[in-house]
Amino acid sequence: MLQHLAIDLGNTNTLIASRDQEGTEALLHLPRISQLDTQLSKTPEKPFTFVPSEVFHSDDGPEVGARAWAKLAEDERPDAYRRYGRNFKRQLLDSFVQARHGEQGHRSLLETSTDFVRVLCHDLKQELEVEFGSNHIPTLILTAPVQAPSEYRSWLREVFNDNLQPEAIRLIDESTAAALFYGEEAFGSRVLIVDIGGSTSDITLADIGFAGDGSPQEARLITKTGAFVGGSTVDDLIAEKAFALQGLNSPATFNRKTYLRAIRAGEKVKKKLSFRARALEPYEDLQAGLTINMTFRDSDLAAMIAGSAIASSLKDLVQVTGVEIQQRGIALNSISGAILVGGCTICPPIRTVLSEAFSALDLELSDSPTEEDRFAAVVFGALRSVDAPVSNDYLLHDYAIRLRAGNGNFVYQTLFRKGTVFPCLSDFALNSGRQSKEQTGIRISVGELYRQPRRLADGESTSEAPGPLVASEFRPLGTAGHLVVIPVDPTAPVGDKRYRITFAIDAERQLLLTVDDTVSKHRLFDNKVIVDLNESAPPVVALPPPPPAITSTGSQKIIELNPNPSYNNLEVEAASLLRDMAMEGYLISNVILGHHLHEVDHLLITPSGESYIMECKNYSGTWTGGINSQWICTAPDGSERVIAARPVNPMLQCRRYIGDVLRRLSTEYPEVQFSKACLVIAPDHAHLDGVSGCGPNLMNVSALPAFITAMEARRQERQRIDLDPQRLRKAFYLV
């Protein structure tokens, strides 16, 4: 019977390992989509099996793993390569960060990654039935890079939970999992792991406490550092060099087919040069008129990597690790060496870069006992994390609370600083109360901080003495940033700051809230768990359930039916402004009308029979364009970006969904003739005068409440509609 299941979702390959009730651990082979590595499969009884992290969207649905490239090769249509995806983990990690600033392409990457996981889990459940007689999973352990943003961790947890439905689910850092894999007999209890994968590089130092039988009992974390750089960068270098030797531009400047086939050939060259001195990989693209023999020696690859960004990034990462270790009071001579794991560490020039970097710290590199261990240490270590809890963990980001000042602007107060070991108590306590007679609660909004280094006069950057916090550095946690609403006494005097609110993080990395009424001496919340910072679990919202329906005698409040914590900051601000309006309605966000995620950013339905379709475009600068032309955003430095939209521009993108929205409303309200308004929302610091043909329907976000209020005032004579949230959920696939 299955006891634990671990999944290491990799940029190039995904590994799955199981442990049964007898304690037997093994990699799981999914016959339809897995591949066997003949070099690492030493014995038939213990094959090394993995699923290539690739997706191809065929006419019959997504194909993943070993079937993706095979099905792509059979498809001769020109657009076939546009429906194929690889390296999506690297791109998704980056796009989760970019999505905070409104960069486009994030949603399609999210869709591709979700499709991969969905099909993977379908095959996995079938294999669990064969292997264990049931697809029931008591505990699922997932791994994530050290520097993975909270949105990625949240997505990872949710997508596997939705498709596998385990009893319990856990997340662990990839390099920390690898540290748990290695036993005391081989390397001693203080373990320094260097994990270089396809998309990320992590370094973890941990003390492993062992039981009498040698099994790990606890991992005491000392340091962990990471960077978004990995083996796929080397594939790009090889492909670019091969094209340059032929006098050609970079493969990325060609069509998608040429680019994907080129980096795939580059990957094959990299693997060959990991085991031999010379590699030849023929590359032919008849449609593009290209015939290239990718011929390289090991010295060629060494020269490419030595002068590349991956070498400088790895050296910087090792240097930062050394500084952090010493800041933690650990002597470098107490560490016997660094253990290499991850497929990229097989590449000799990468090992040379790491060896030189660690030599500066007087540390030597150590190899895994076997090549299988090098690749599978993370996934097997994840299994062992169930029996060996990680202690002494610390925060990788600053966390702050968002407050509204007397002038109406937001201000930010740091609660916990990066590097703080938890459990911990915040030095800051908030004293608050009712600000108006209508106020029924105090909203608590907490978020991660992503500060940009200050630039000095000489071009150097520093994170010392940062300036005041600004909105772009604050990434809300939870439902639109509101983790909890504290109910207040409706009879309390306005302005009386009688509520004292304190914050803490417990040993499980959960954010806790304590609220005391200093007048009544009652404790409203006592270390209430608000959100799990480690796993980015859905927050606990201390709000009463919404009323069953809104009518013309309703609560004068806009209620959001499906808030989503992965909104970018403009979408969050727009939703927050709408919810704060003193009017009736339902806000539906992240609307799926067809087969794509996030086809409509926000949809507001009001009892006047109006449907407001909103498209948020988070581009800062000067906007130019017309109603039928492409829009451009010009930054203060003169650089230009196309304001991405399907089709042509954001207003046409917004209008394309009018019919779908009205049809879905008519399915639940056939007797009602809903009106529509298409709105394009921009940040307040965007200049919109250069866009023609849109009128007042193109606006800065702060103008949104006034526009909605004016529209509703014109519709006061209309017959009011009783809006039922369940009918709206049904209309828009929310049930």
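Among the residues of the stretch 234-276, those that are within 25 Å of the chain's Cα centre (by Cα) and open to solvent by less than 40 Å² (accessible area, probe 1.4 Å) comprise Val234, Asp235, Asp236, Leu260, Ile263. Kindly indicate the residue of the stretch 624-645 that is out of contact with any strand residue (DSSP E or B) (no Cβ under 9 Å at 6 or more places or on another chain) and in contact (Cβ under 8 Å) with a residue 12 or more places away in the chain and also surrounded by the most Cβ atoms within 10 Å (Cβ to Cβ) among those meeting that condition. Step by step, filter the stretch 624-645, then rank; the result is Ala644. Inside the stretch 216-237, residues that are under 20 Å from Gly198 (Cβ atoms), touching a strand residue (DSSP E or B) at 6+ places or on another chain (Cβ under 7 Å) and among the hydrophobic types (A, V, I, L, M, F, W, C) make up a count of 2. Pairs needed: first member in the stretch 17-29, at negative phi; second member anywhere, open to solvent by 40 Å² or more (accessible area, probe 1.4 Å) and part of a loop (DSSP other than H, G, I, E, B); C-beta distance under 7 Å; at least 6 residues apart or different chains. Here the result reads Asp20/Met1; Gln21/Met1; His29/Pro47, each pair linking the stretch 17-29 to a residue that is open to solvent by 40 Å² or more (accessible area, probe 1.4 Å) and part of a loop (DSSP other than H, G, I, E, B).
Of all residues in the stretch 63-86, those that are on the phi > 0 side of the Ramachandran plot have Cβ atoms under 9 Å from Cβ atoms of residues that are of a type in the set (Lys, Arg) and surrounded by fewer than 19 Cβ atoms within 10 Å (Cβ to Cβ), 6 or more apart or on another chain, in Gly65/Arg32.
With respect to the conditions (1) open to solvent by less than 10 Å² (accessible area, probe 1.4 Å); (2) over 24 Å from Lys271 (Cα atoms); (3) outside any strand (DSSP E or B), Leu72 lacks only one, and its number is (2). Looking across the stretch 605-630, the residues that are within 17 Å of Pro696 (Cα to Cα) and outside any strand (DSSP E or B) come down to Lys617, Gly626, Ile627, Asn628. Leu383 passes every criterion in (1) without any contact (Cβ under 8 Å) to a residue 24 or more places away in the chain; (2) within 28 Å of the chain's Cα centre (by Cα) apart from (1).
Can you say whether Arg351 is of a type in the set (Lys, Arg), surrounded by 15 or more Cβ atoms within 10 Å (Cβ to Cβ) and at pLDDT below 90, as far as the supplied structure shows? Answer is no for this residue.
Inside the stretch 335-348, can you point out the residues that are buried (at least 18 other Cβ atoms within 10 Å of the Cβ), within 21 Å of Ala311 (Cβ to Cβ) and of a type outside the set (S, T, N, Q)? Residues satisfying the conditions are Ala338, Ile339, Leu340, Val341, Gly342, Gly343, Cys344, Ile346, Cys347. Does Ser629 satisfy the condition of being of a type in the set (Ser, Thr, Tyr) and under 33 Å from the mean Cα position of the chain (by Cα)? Spelling it out, Ser629 is indeed of a type in the set (Ser, Thr, Tyr) and under 33 Å from the mean Cα position of the chain (by Cα). Before we move on, is Val648 surrounded by 16 or more Cβ atoms within 10 Å (Cβ to Cβ), in contact (Cβ under 8 Å) with a residue 12 or more places away in the chain, in a helix (DSSP H, G or I) and touching a Ser or Thr at 6+ places or on another chain (Cβ under 8 Å)? So Val648 fails the test. Inspection of the stretch 442-449 finds a residue satisfying the criterion of being at pLDDT below 85, under 23 Å from Ser150 (Cα atoms) and open to solvent by 30 Å² or more (accessible area, probe 1.4 Å). Total residues in the stretch 127-168 satisfying the condition of being open to solvent by 20 Å² or more (accessible area, probe 1.4 Å) and under 23 Å from Thr200 (Cα atoms): the figure is 4.
The residue that is surrounded by the most Cβ atoms within 10 Å (Cβ to Cβ), counting only those in the stretch 653-700 that are under 22 Å from Tyr586 (Cα atoms) and in contact with a Ser or Thr (Cβ under 8 Å, 6 or more places away or on another chain), is Val661. For the stretch 294-334, a residue qualifies if it is more than 30 Å from the chain's Cα centre (by Cα), surrounded by fewer than 20 Cβ atoms within 10 Å (Cβ to Cβ) and in contact (Cβ under 8 Å) with a residue 60 or more places away in the chain, and the qualifying residues are Met304, Ile330, Ser334. Consider Thr200 carefully, then state whether it is surrounded by 23 or more Cβ atoms within 10 Å (Cβ to Cβ), farther than 24 Å from Thr139 by Cα, of a type in the set (Ser, Thr, Tyr) and modelled with pLDDT of 85 or more. Criteria met by Thr200. Would you confirm, using the coordinates I've provided, whether Pro78 is under 28 Å from the mean Cα position of the chain (by Cα) and closer than 25 Å to Asn255 by Cα? No: the conditions fail for Pro78.
The values are calculated or read from the model by the stated rules, or taken from the named source; none is laboratory data. Here the structure is a predicted model, which means the values were calculated and not measured. In this analysis, Cβ positions are derived from the backbone assuming ideal geometry, glycine residues included, and neighbour counts consider all displayed protein chains. Just so you know, the surface numbers come from the protein's heavy atoms only, side chains and all, with ligands and any DNA or RNA stripped out. Shrake-Rupley method; radii C 1.70, N 1.55, O 1.52, S 1.80 Å.
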